[in-house]
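Structure record follows, encoded as structure tokens.
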Amino acid sequence: MQYQRSSALFAEAKKYIPGGVNSPVRAFKAVGGEPIFIKEAKGAYLYDVDDNRYIDYIASWGPLILGHAHEPVLNAVIEKAKKGTSFGIPTEIETELAQLAVGMVPNVDKIRFVNSGTEACMSAVRLARGCTGKDKIIKFAGCYHGHSDSFLIQAGSGAVTFGSPNSPGVTQGTAKDTLLANYNDLAGVKELVNANKGEIAAIIIEPIAGNMGCIIPTDKFINGLRELCTQEGILLLFDEVMTGFRLAKGGAQEALNIDADIVMFGKVIGGGLPVGAFAARAEIMAHLAPDGPVYQAGTLSGNPLAMSAGLAMLTELNARSEIFTSLSEKTEFLHKGIAEVLTEKGVAHQINRFGSMVSIHFCEAPVIDFETAAKGNNDTFKKYFHGMLDHGVYLPPSAFESYFLNDAISYADLAKTIEAVRKVFE
Ligand code: KE4
């Protein structure tokens with residue numbers, strides 16, 4: 001593969017955009033080298049500006065679950081654009097998508113659209129605080145809920161368990177209201193709850209984690225969280241920005257058979273255009289402006305152009321719900337094929353998979369939380385990432401991400417991917 005044009009474009013981009021990118025993970029800092037620039041995409045394939053073709057395993061980090069430039073979604077957007085893109089005035093299509101989404105997702109009566117997953121999670125936390133009158137939240141190390149100040153927090157120093165900022169610009173005043181626990185560690189959560197009795201508004205979690213690689217909660221952990229929240233009057237917030245409309249029609253709530261109190265969405269719900277959302281039972285959403293006092297707003301929230309992409313995508317997912325099983329089977333095929341090659345080559349690895357989310361960790365011990373995920377051999381990962389890129393397979397450029405399979409990927413593409421792993425480790 002040659003990347004001349006990408007390299008030239010990256011140099012140009014860096015002159016005007018910090019790091020040459022509009023989201024840090026795209027800059028390849030975690031894997032070294034320079035990012036490729038994409039010219040276009042269709043179905044399962046990306047085409048870069050040097051005319052290299054790649055099988056795509058990030059699907060724009062989740063949204064393009066039906067593959068790139070999927071006709072029904074494209075046509076919906078093109079038709080809608082001809083009638084104007086945004087008015088800042090109510091439109092019927094917002095209700096259509098709201099009704100469809102609420103019908104697909106268990107245990108929610110109402111939904112508010114925003115423009116990103118960050119906005120959805122940020123607003124949901126404010127709603128939880130507004131509902132309960134309590135200030136603190138618990139999040140989990142390694143879970144990512146977007147870049148709102150309350151989430152850019154790492155484990156605090158010492159036993160106080162207060163959070164401390166993990167980015168300059170986040171104040172200690174904000175950090176003190178975010179407590180950190182470890183994924184799959186129910187006892188640790190209980191300790192935090194007891195040490196902050198009556199002060200915790202919400203526990204926010206990725207029900208299947210995707211930002212440490214893919215990490216699956218134990219039944220004991222996730223059911224224990226539900227019970228604890230019910231007992232303590234804490235709201236359980238499911239960040240389904242990745243899992244929503246990907247693991248099942250009803251997302252992780254359906255897949256795990258657990259009811260959250262507020263559910264947040266992004267990615268797939270927008271069909272590739274900027275849409276986030278948060279949803280809950282009526283009595284919780286009644287607190288939200290303009291019905292209630294909890295303020296939240298957005299100029300382009302629910303704009304008909306983005307709604308048209310989301311509506312086309314969710315309509316197809318709702319009608320073709322066998323797609324979730326078929327994606328899961330393709331992911332299992334990939335998992336087994338790669339595991340076979342790595343075992344044959346004597347490469348220490350752990351592969352975590354849930355539905356169409358999968359991640360590969362180059363380590364011996366099972367990966368069950370952020371600490372064990374961090375034990376992966378990053379040198380091996382970097383060589384693996386670039387080797388696969390050279391063999392026409394685009395993987396997430398970080399060991400702390402998950403692959404997202406899309407419906408356009410064929411079994412032939414999967415076989416090619418497995419073959420590429422073999423060549424890389426030869
Ligand atoms: P956005 O604000 O990026 O739309 O969504 C934030 C977010 C919230 N919750 C979860 C579970 C998420 O995975 C995300 C965003 N995911 C990252 C990939 N790990 C987006 C990629 C990027 O940051 O460029």
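The values are calculated or read from the model by the stated rules, or taken from the named source; none is laboratory data. Quick caveat, the model's predicted, so the values are computed rather than measured. Cβ sites come from the backbone with ideal geometry, for glycine too, and all protein chains shown count toward neighbours. In case anyone asks, the SASA skips ligands and DNA or RNA and just uses the protein heavy atoms, side chains included. Shrake-Rupley method; radii C 1.70, N 1.55, O 1.52, S 1.80 Å.
A few points about this structure:
- Which numbered condition ALA412 misses (of (1) at pLDDT 95 or above; (2) of a type in the set (A, V, I, L, M); (3) farther than 27 Å from GLY250 by Cα; (4) surrounded by 21 or more Cβ atoms within 10 Å (Cβ to Cβ)): (4)
- Count of region 76-95 residues which are open to solvent by 80 Å² or more (accessible area, probe 1.4 Å) and either in contact with a helix residue (DSSP H, G or I) (Cβ under 8 Å, 6 or more places away or on another chain) or under 22 Å from PHE265 (Cα atoms) (or both): 6
- Residue check for ARG281: open to solvent by less than 40 Å² (accessible area, probe 1.4 Å) and basic (Lys, Arg): no
- Subset of region 346-392 (residues that are touching a helix residue (DSSP H, G or I) at 6+ places or on another chain (Cβ under 8 Å) and among the basic types (Lys, Arg)): ARG353, LYS383
- If you go through region 369-409 and pick out every residue that is of a type outside the set (Gly, Ala, Ser), part of a loop (DSSP other than H, G, I, E, B) and either open to solvent by 10 Å² or more (accessible area, probe 1.4 Å) or free of Cβ contacts under 8 Å to residues at least 40 places away in the same chain (or both), you end up with 7.
- Exclusive hit being out of contact with any Asp or Glu (no Cβ under 6 Å at 6 or more places or on another chain), modelled with pLDDT of 95 or more and open to solvent by less than 20 Å² (accessible area, probe 1.4 Å), set LEU300, LEU334: LEU334
Here is a yes/no grid of residues against (1) within 15 Å of the ligand (Cβ to nearest atom); (2) touching a Ser or Thr at 6+ places or on another chain (Cβ under 7 Å); (3) farther than 28 Å from THR331 by Cα:
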| site | (1), (2), (3) |
| --- | --- |
| GLN4 | no, no, yes |
| SER7 | no, no, yes |
| PRO18 | yes, no, yes |
| ASN22 | yes, no, yes |
| VAL25 | yes, yes, no |
| PHE37 | no, yes, no |
| LYS42 | no, no, no |
| TYR47 | no, no, no |
| ILE55 | no, yes, no |
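- ALA279 being more than 23 Å from PHE151 (Cα to Cα) and within 16 Å of the ligand (Cβ to nearest atom): no
- Residue check for ILE17: open to solvent by less than 10 Å² (accessible area, probe 1.4 Å) and either modelled with pLDDT of 95 or more or out of contact with any Pro (no Cβ under 9 Å at 6 or more places or on another chain) (or both): no
- Matching residues, region 248-267, being part of a helix (DSSP H, G or I) and either farther than 20 Å from LEU327 by Cβ or within 11 Å of the ligand (Cβ to nearest atom) (or both): ALA252, LYS267
- Residue count for region 197-223, restricted to those that are of a type in the set (Gly, Ala, Ser) and within 16 Å of the ligand (Cβ to nearest atom): 4.
- Pick from region 229-247, criterion without any contact (Cβ under 8 Å) to a residue 60 or more places away in the chain and open to solvent by less than 10 Å² (accessible area, probe 1.4 Å), ranking: nearest to the ligand (Cβ to nearest atom): GLU240
- Per this entry, SER7 is not counted among residues that are hydroxyl-bearing (Ser, Thr, Tyr) and exposed (fewer than 14 other Cβ atoms within 10 Å of the Cβ).
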